[in-house]
Amino acid sequence: MNKTIHSLFLTALVSVFICACQSKPGKTEPQTLAGIDISKAPSSEVYDSPESVHWVPEVRAWFVSSMGGPNILAKDNYGWITRLDENGKVTDPRWVQAGFHAPGGICHLGKDLYVVDRDGIVVVNIDKAAITAKIEMPGVVFPNDSACDPRDQSVYVTDMAANKIYRWKKGMEKAEVWFESRDLDTPNGLEIDGDKLYVITWGPIVDTATSKTSRPGYLRFIDMKTKKISMGTGDALGNMDGITKAGKYMFGTDWMGGRIFRFDEKKKPRVWAQGFSHIADVGYSAELKVIGIPEMSTNRVYFIDVK
């Protein structure tokens, strides 16, 4: 996120509520979601601007990226990955730190994490708990989220500032621009479902100091075979950040609005939860049927049952 916004919200007092799944877009009355106790979220001492939560079934563990602050865009060697067990308990607060600046989106292929950082894609081997490679993204401006495709061992990364999606495949020396269009609408989160690459968007930025947009962002998708982009359902959402598929639904986060949208099988949105503060790249465990949600401004991570 924009460093000016980040410095402002770090000092803000935040009251967080989670609301019931039947809320309609625009409804603002926060309610408590049964069974969720936000006081049990991990301590702020563990994270510093947590940006992405990712589940790896091969090792039954969660991984959370901390971008570090106060300047989350700086190449300052101050960012890290935290490892948690399947119950969301932190097992190693700074599992991998050396070599990171401000890690963001995470995906995985086997036992390798592919983590977006300021200067490209960082490969972390889980067994070694160490960075094993760095993949250059020539010309990238603001790399943000990633999605891995195990079918061909490829990794897709959004360049939020340049309306581009990069692609790297095992065997390539560097990542390359795979798709570029103004229709990407300031792309943020990515999710692959079959032959579709879903893109959740921030919306056109009109003020770079605050990341204010001229209108809300959308959920769109690209046919990965033809590279044809769809405008989706046409529903204006918010300043969208992360997206994950959970069973037959998809869930997307509104960073500015503090809401989580649930998209039905036709990708029509409904507000599933709200009252958060600057939530970013969500992750899902199909084994546990749990969604992990990083809240950047409070340095908390939530784990919510979606059975």
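Look through 289, 266, 212 and report the one residue that is over 30 Å from residue 44 (Cβ atoms) and of a type in the set (Lys, Arg).
Details: 289 fails: over 30 Å from residue 44 (Cβ atoms); 212 fails: over 30 Å from residue 44 (Cβ atoms).
From the options 289, 266, 212, the qualifying one is 266.
Only residues in the stretch 283-307 that are under 15 Å from residue 104 (Cα atoms) count as the first member; pair them with residues that are of a type in the set (D, E, K, R) and assigned to a loop (DSSP other than H, G, I, E, B), Cβ under 7 angstrom, at least 6 apart or cross-chain, and list the lot.
That search, which allows pairs on different chains as well, returns 299/48.
Please find, within the stretch 55-72, the residue that is nearest to residue 108 (Cα to Cα) out of those that are assigned to a loop (DSSP other than H, G, I, E, B) and touching an Asp or Glu at 6+ places or on another chain (Cβ under 7 Å).
57
Confirm whether residue 181 is without any contact (Cβ under 8 Å) to a residue 12 or more places away in the chain, surrounded by fewer than 19 Cβ atoms within 10 Å (Cβ to Cβ) and over 17 Å from the mean Cα position of the chain (by Cα).
The answer is no for residue 181.
Only one residue in 132, 186 is among the hydroxyl-bearing types (Ser, Thr, Tyr) and in contact with a Gly (Cβ under 7 Å, 6 or more places away or on another chain). Which one?
None of the other options fit; the residue is 186.
Tell me, which strands (runs of 3 or more DSSP E) lie completely within the stretch 223-288 with 2 or more residues that are of a type in the set (Phe, Trp, Tyr) and under 30 Å from residue 83 (Cβ atoms)?
The qualifying strands (runs of 3 or more DSSP E) are 249-254, 259-263.
Which count do you get for residues in the stretch 96-119 that are in a loop (DSSP other than H, G, I, E, B), open to solvent by 10 Å² or more (accessible area, probe 1.4 Å) and at negative phi?
Number of matching residues: 6.
Quick check on the stretch 194-207. Is at least one of its residues within 15 Å of residue 114 (Cβ to Cβ), touching a Ser or Thr at 6+ places or on another chain (Cβ under 8 Å) and touching a residue at least 24 places away in the same chain (Cβ under 8 Å)?
no
Give the number of residues within the stretch 120-140 that are in a loop (DSSP other than H, G, I, E, B) and surrounded by 15 or more Cβ atoms within 10 Å (Cβ to Cβ).
Going through the stretch 120-140 one residue at a time, the tally reaches 3.
For the stretch 141-159, which residues satisfy the criterion of being surrounded by fewer than 22 Cβ atoms within 10 Å (Cβ to Cβ) and among the aliphatic types (A, V, I, L, M)?
Correct list: 141 only.
Just to check your reading of the model, which residue among 283, 275 is open to solvent by less than 20 Å² (accessible area, probe 1.4 Å) and in contact with a strand residue (DSSP E or B) (Cβ under 9 Å, 6 or more places away or on another chain)?
Among 283, 275, only 283 is open to solvent by less than 20 Å² (accessible area, probe 1.4 Å) and in contact with a strand residue (DSSP E or B) (Cβ under 9 Å, 6 or more places away or on another chain).
Would you point out the residue of the stretch 199-214, among those that are open to solvent by less than 10 Å² (accessible area, probe 1.4 Å) and of a type outside the set (A, V, I, L, M), that is farthest from residue 254 (Cα to Cα)?
Only one residue fits best here, namely 203.
Among the residues of the stretch 294-305, are any assigned to a loop (DSSP other than H, G, I, E, B) and in contact with a Phe, Trp or Tyr (Cβ under 6 Å, 6 or more places away or on another chain)?
Checked the stretch 294-305: at least one residue is assigned to a loop (DSSP other than H, G, I, E, B) and in contact with a Phe, Trp or Tyr (Cβ under 6 Å, 6 or more places away or on another chain).
For the stretch 60-93, enumerate the residues that are open to solvent by 30 Å² or more (accessible area, probe 1.4 Å) and either under 18 Å from the mean Cα position of the chain (by Cα) or more than 26 Å from residue 160 (Cβ to Cβ) (or both). Walk me through how you get there before you give the answer.
Step one: filter the stretch 60-93 for residues open to solvent by 30 Å² or more (accessible area, probe 1.4 Å), giving 60, 70-71, 73, 75-78, 83, 85-87, 89-93.
Selection gives 60, 73, 83, 85, 86, 87, 89, 90, 91, 92, 93.
Condition check ((1) open to solvent by 60 Å² or more (accessible area, probe 1.4 Å); (2) touching a strand residue (DSSP E or B) at 6+ places or on another chain (Cβ under 7 Å)) across all residues:
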site: 194; (1), (2): no, no
site: 216; (1), (2): no, no
site: 220; (1), (2): no, yes
site: 227; (1), (2): yes, yes
site: 230; (1), (2): no, yes
site: 238; (1), (2): no, yes
site: 242; (1), (2): no, yes
site: 253; (1), (2): no, yes
site: 258; (1), (2): no, yes
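The values are calculated or read from the model by the stated rules, or taken from the named source; none is laboratory data. Treat the numbers as computed from the prediction; the structure is a model and nothing was measured. Using ideal geometry, Cβ is built from the backbone for each residue, glycine included, and neighbour counts are taken over all protein chains shown. Surface areas here come from the heavy atoms of the whole protein model, side chains and all, with no ligands, DNA or RNA. Shrake-Rupley method; radii C 1.70, N 1.55, O 1.52, S 1.80 Å.
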